[in-house]
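Input: a single structure, listed below in structure tokens.
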Number of protein chains: 2
Amino acid sequence: MTEKKNIKGITAEKDEFSEWFTQIMLKADLADYSAVSGCIVFKPRAYAIWEKIAAEVDKRFKKLGIQNAYFPMLIPERLLKKEQVHVEGFSPEVAWVTHAGDSELSERLAIRPTSEAIMYDSYSKWIRSWRDLPLRINQWNNVVRWEFKHAVPFLRTREFLWNEGHTVFASEKEAVAEGKDILDIYADVCENFLALYGVRGRKTEKEKFAGAVFSEKIHYVMPNGKSIEGPAFHHDGQNFARAYDIKFLNKDGQEDYAYQNTFAISTRILGILFAVHSDNKGLVLPPLIAPEKIVIVPILFEDSREKVLKAANEIKKKLGDGAFLDSREEYKPGFKFNEWEMKGVPIRIEIGPKDVEKKQVILVRRDNGAKEVVKIAEVKKRVEKVLEEIQSELFVKSRRLYESKLEKTANMKDLKKMIKDGKIVLVPLKASEKVEDILKEETGGAKTLFVSGFDVGGKKCIVSGEDADYLVWVGKSY
Amino acid sequence: MTEKKNIKGITAEKDEFSEWFTQIMLKADLADYSAVSGCIVFKPRAYAIWEKIAAEVDKRFKKLGIQNAYFPMLIPERLLKKEQVHVEGFSPEVAWVTHAGDSELSERLAIRPTSEAIMYDSYSKWIRSWRDLPLRINQWNNVVRWEFKHAVPFLRTREFLWNEGHTVFASEKEAVAEGKDILDIYADVCENFLALYGVRGRKTEKEKFAGAVFSEKIHYVMPNGKSIEGPAFHHDGQNFARAYDIKFLNKDGQEDYAYQNTFAISTRILGILFAVHSDNKGLVLPPLIAPEKIVIVPILFEDSREKVLKAANEIKKKLGDGAFLDSREEYKPGFKFNEWEMKGVPIRIEIGPKDVEKKQVILVRRDNGAKEVVKIAEVKKRVEKVLEEIQSELFVKSRRLYESKLEKTANMKDLKKMIKDGKIVLVPLKASEKVEDILKEETGGAKTLFVSGFDVGGKKCIVSGEDADYLVWVGKSY
């Protein structure tokens with residue numbers, strides 16, 4: 001299945017999105033299929049990026065006062081069933097452990113699809129008074145959701161990695177206020193490290209998280225025009241507190257249910273990162289998240305080998321940690337160029353005997369292929385500058401991609417055509433599950449993505465013709 | 001179950017080990033029982049220490065060229081069964097997933113008790129030639145082993161966290177050589193951060209890892225005299241390569257099976273850390289691993305409140321990140337002293353109005369209770385010095401504990417008594433599973449811990465009376 005060191009490049013065009021994406025995953029050595037249907041191997045090149053995302057998010061969580069912990073992965077069925085809406089949302093996808101060794105268990109155990117049930121059972125024991133609040137705990141772990149749809153590496157896999165923050169507050173106001181801090185953290189990392197332009201917005205009642213009062217997510221657009229959800233924040237009000245009996249004595253000595261939030265960023269963001277920036281030569285990575293930022297490829301001939309390698313090594317030393325030297329003897333430079341383009345190293349530096357004489361190198365940008373001659377004396381400064389340029393230009397490109405997909409209309413016929421053309425469309429809508437069901441059917445599968453605003457300017461609902469309640473973004477999505 | 005902010009202290013003596021240990025786990029806020037039998041919650045105070053251990057080990061792995069990845073947690077039954085010895089070692093403890101949602105799966109899936117089976121299935125696809133070797137991949141993840149023995153927080157839980165390194169080499173020599181590097185890393189972190197004295201040694205044939213050629217582990221001694229295994233390195237030779245078909249073309253163009261190693265440190269090391277250093281007042285932590293190193297407790301009276309708080313804050317600023325100020329109004333100083341002793345903060349600094357006048361503080365060591373007066377001008381320097389002293393003295397104490405349990409004999413009657421007294425005993429033994437079975441029975445459950453050496457000096461096997469093959473440490477163990 002994996003074609004190692006394939007230099008044939010991508011044989012699908014970016015507009016045949018799904019085939020193109022899968023080829024990049026395999027050929028850039030990011031993921032591989034596994035023996036378990038629907039689960040992938042996160043290979044080192046992809047996992048290193050996840051580690052970096054997690055570290056950046058985690059650092060910011062800790063500054064906010066959120067602490068990490070680890071709760072059991074297995075959840076007794078009776079616990080999972082305590083919150084009815086929640087269990088109905090997840091139970092079709094739960095993987096059940098029924099046996100241990102040769103024994104049948106007396107109660108089935110769910111592999112966590114998310115950890116509300118097991119964590120809140122502990123919270124109900126730990127929280128007694130306002131002194132115990134806020135309680136802000138996070139986990140970095142794996143979850144299993146046994147979806148029956150076709151798996152796509154990173155974007156939809158039955159097991160994935162994420163953080164799940166679960167916080168508890170004494171008041172609704174404090175709980176809701178946390179939302180901005182959390183989404184700011186996710187947005188900071190996704191914009192500034194991953195160079196991904198996304199838009200925050202609240203889900204409709206129909207599309208919100210099972211058990212939440214409201215869900216707010218950061219939304220991205222894939223090259224094929226499909227919308228995709230990134231990091232999420234859910235305010236649960238007192239819903240779970242009632243189900244799991246999380247009560248506390250407030251400062252007035254009154255007993256009250258606590259207010260809760262949950263929030264997450266998952267390895268799905270890797271799929272968004274890989275899809276948005278890459279091209280037909282393979283992976284493109286923003287420098288700040290790329291495990292290797294600069295590859296130095298020496299052009300070696302018998303008679304000048306030593307001289308060129310010496311210069312290449314000196315340049316590597318100058319450039320520091322982000323640079324590596326590909327001095328393998330068994331591959332030709334052309335092969336190496338293709339390999340590191342496929343794997344998304346942001347800058348390539350070529351150096352041959354003539355370059356050594358002229359005290360220069362050739363610098364090639366992965367994102368746009370631009371080549372330039374740079375004096376060795378200036379290479380460090382120039383590389384730093386170009387890395388910054390790539391980083392900021394990828395973000396601008398990502399924003400342009402997003403904005404190129406946007407349309408608006410109040411007319412169903414137009415909407416259908418726009419959806420067919422892979423657009424994301426702002427429409428006036430009535431707040432109603434029924435309306436959303438019809439919308440989905442009429443448009444061949446488009447869903448409400450998020451609410452844009454409540455100032456409908458007197459417009460009528462695009463589905464029902466009644467007064468609209470809000471303007472909503474609609475589109476096909478993952 | 002949890003008694004929060006309990007200031008009654010530990011009500012068991014350290015020699016009633018099990019009860020004492022459980023009380024520390026709960027009262028120092030390290031762990032809690034969960035709704036899943038045999039699984040615990042790793043609470044933030046314990047998890048933060050695990051994070052630090054993992055970060056230190058991981059940093060060293062990466063310097064060695066080991067890369068992190070993530071493989072699926074679920075393993076199809078047919079894959080697990082490929083290596084016969086391995087599967088027999090683990091199958092009594094495997095948790096089986098049989099259903100997803102309402103559907104029965106066509107094949108049972110094991111939750112990984114360890115990942116050889118799923119990883120080596122990928123390795124067999126990825127490895128083709130010597131160019132692909134060495135392949136050195138590591139995972140930080142959770143595993144489930146459904147043991148039916150009584151669970152003890154950290155020491156024996158059905159789900160635990162660990163690293164599992166799985167490396168592949170072209171030659172036996174390279175593979176075996178990795179063992180020292182890996183065990184050096186584990187020993188470095190455990191000695192220098194956790195202040196734990198341990199001894200490396202190879203397991204006997206009977207006690208080695210299921211599927212390995214040999215197993216080498218770092219062994220620790222608990223306060224009750226029981227031996228316990230910490231980090232482990234297993235050399236698997238070509239055993240798994242044959243079972244999972246991991247072949248490669250060597251430089252001579254010949255096909256050969258690869259040589260493999262696996263290695264791990266698990267959250268069990270937390271249990272060892274907590275048990276070895278702590279006392280009847282609660283947790284004791286070596287400063288280098290303690291999340292909080294210094295607690296400043298101001299002694300507040302109405303008329304001098306502001307002045308004392310101001311001085312306390314200035315001291316906190318001087319001491320930097322490791323220090324925190326407990327200025328809670330709702331608790332008395334005595335309560336705070338007990339709480340932070342229970343939670344193992346290495347140094348307490350007390351400051352009251354008289355101290356402010358005299359420009360001094362009281363510094364109290366958690367490990368030995370020693371008190372001293374320190375001038376505020378010198379507090380930073382003194383604290384640094386005392387933290388270093390605590391760190392190195394805890395290691396010395398741990399070494400003394402270990403050595404205090406050692407005995408040797410060539411006489412079965414003596415051995416029985418020594419084992420009864422909670423000793424670890426060096427005995428001459430014949431290399432035989434049968435002999436080990438008898439040894440275990442005669443001593444009421446003592447096992448071979450590790451081989452000390454092969455120079456038996458003509459001694460006879462303590463069990464069979466035949467010529468001994470080696471000197472082996474024997475004792476009760478976790």
Among B:Asp256, B:Asp236, which is part of a strand (DSSP E or B) and farther than 21 Å from B:Val451 by Cβ?
B:Asp256
Scanning for something under 36 Å from the mean Cα position of the chain (by Cα) and either away from every other protein chain (no Cβ under 14 Å) or among the basic types (Lys, Arg) (or both), does region A:349-360 turn up at least one residue?
yes
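Suppose we filter A:Asn368, A:Asn338 for residues that are modelled with pLDDT of 95 or more, over 27 Å from B:Ala69 (Cα atoms) and among the polar types (S, T, N, Q); which single one remains?
Criteria check complete, one pass: A:Asn368.
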Condition first: in a loop (DSSP other than H, G, I, E, B) and among the β-branched types (Val, Ile, Thr). Now tell me which residues in region B:179-219 satisfy that.
B:Thr204, B:Val213
Subset of region B:85-114, residues surrounded by fewer than 18 Cβ atoms within 10 Å (Cβ to Cβ), under 14 Å from B:Val144 (Cβ atoms) and either more than 8 Å from chain A (Cβ to nearest Cβ) or of a type in the set (A, V, I, L, M) (or both), comes to none
What tally of residues in region B:33-48 results from selecting those that are under 18 Å from the mean Cα position of the chain (by Cα), within 7 Å of chain A (Cβ to nearest Cβ) and either closer than 26 Å to A:Arg78 by Cβ or at pLDDT below 95 (or both)?
4
Among A:His166, A:His219, the single one that is touching a residue at least 24 places away in the same chain (Cβ under 8 Å) and under 15 Å from the mean Cα position of the chain (by Cα) is A:His219
If you go through region A:410-450, how many residues are in contact (Cβ under 8 Å) with a residue 12 or more places away in the chain, within 19 Å of A:Tyr478 (Cβ to Cβ) and surrounded by 15 or more Cβ atoms within 10 Å (Cβ to Cβ)?
13
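Would you be able to say whether some residue in region A:441-452 is within 19 Å of A:Arg202 (Cβ to Cβ) and hydroxyl-bearing (Ser, Thr, Tyr)?
Pass one, region A:441-452, residues within 19 Å of A:Arg202 (Cβ to Cβ): A:446-452.
Next, only the ones that are hydroxyl-bearing (Ser, Thr, Tyr) stay: A:448, A:452.
Checking region A:441-452: at least one residue is within 19 Å of A:Arg202 (Cβ to Cβ) and hydroxyl-bearing (Ser, Thr, Tyr).
Out of B:Val97, B:Val87, report the one residue that is over 24 Å from A:Leu30 (Cβ atoms), within 30 Å of the chain's Cα centre (by Cα) and assigned to a helix (DSSP H, G or I). Quick ask: steps written out before the conclusion?
Numbers: B:Val97 fails: assigned to a helix (DSSP H, G or I).
Just one listed residue meets the conditions, B:Val87.
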Can you name every residue in region B:254-298 that is among the charged types (D, E, K, R), touching a residue at least 60 places away in the same chain (Cβ under 8 Å) and either closer than 20 Å to B:Tyr478 by Cβ or touching a Phe, Trp or Tyr at 6+ places or on another chain (Cβ under 8 Å) (or both)?
B:Asp256, B:Arg268
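Among the residues of region A:115-171, write down those that are part of a helix (DSSP H, G or I), within 11 Å of chain B (Cβ to nearest Cβ) and of a type outside the set (Phe, Trp, Tyr).
So the first thing to find is which residues in region A:115-171 are part of a helix (DSSP H, G or I), and the list is A:116-126, A:130-132.
With within 11 Å of chain B (Cβ to nearest Cβ) added as a condition, the list becomes A:117-126, A:130-132.
Selection gives A:Ala117, A:Ile118, A:Met119, A:Asp121, A:Ser122, A:Ser124, A:Lys125, A:Arg131, A:Asp132.
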Flagged in region B:51-77 as of a type outside the set (A, V, I, L, M, F, W, C) and under 20 Å from the mean Cα position of the chain (by Cα), in numbering order, are B:Glu51, B:Lys52, B:Glu56, B:Asp58, B:Lys59, B:Arg60
Here are some conditions: (1) in contact with an Asp or Glu (Cβ under 9 Å, 6 or more places away or on another chain); (2) part of a helix (DSSP H, G or I). A:Val36 meets all but one. Which one does it not meet?
(2)
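Evaluate the following for B:Ile296: is it farther than 30 Å from B:Arg382 by Cβ and in a strand (DSSP E or B)?
Numbers: farther than 30 Å from B:Arg382 by Cβ: no; in a strand (DSSP E or B): yes.
Against the criterion (farther than 30 Å from B:Arg382 by Cβ and in a strand (DSSP E or B)), B:Ile296 does not qualify.
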Selection over region B:49-79 where residues are facing chain A (nearest Cβ under 10 Å), over 16 Å from B:Ile265 (Cα atoms) and part of a helix (DSSP H, G or I) yields a count of 2
Tell me which of these B:Lys343 doesn't satisfy, since it passes every other one: (1) free of Cβ contacts under 8 Å to residues at least 24 places away in the same chain; (2) more than 25 Å from B:Asp188 (Cβ to Cβ); (3) basic (Lys, Arg).
(1)
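Residue under question is A:Gly282, and the condition is that it be away from chain B (no Cβ under 14 Å) and at pLDDT below 95; does it hold? Steps first, answer last, please.
Details: away from chain B (no Cβ under 14 Å): yes; at pLDDT below 95: no.
It is false that A:Gly282 is away from chain B (no Cβ under 14 Å) and at pLDDT below 95.
The values are calculated or read from the model by the stated rules, or taken from the named source; none is laboratory data. What you are looking at is a predicted structure, and each value in this text was computed from that prediction instead of being measured. Note: ideal-geometry Cβ built from the backbone for every residue, glycine included; neighbour counts use all protein chains shown.
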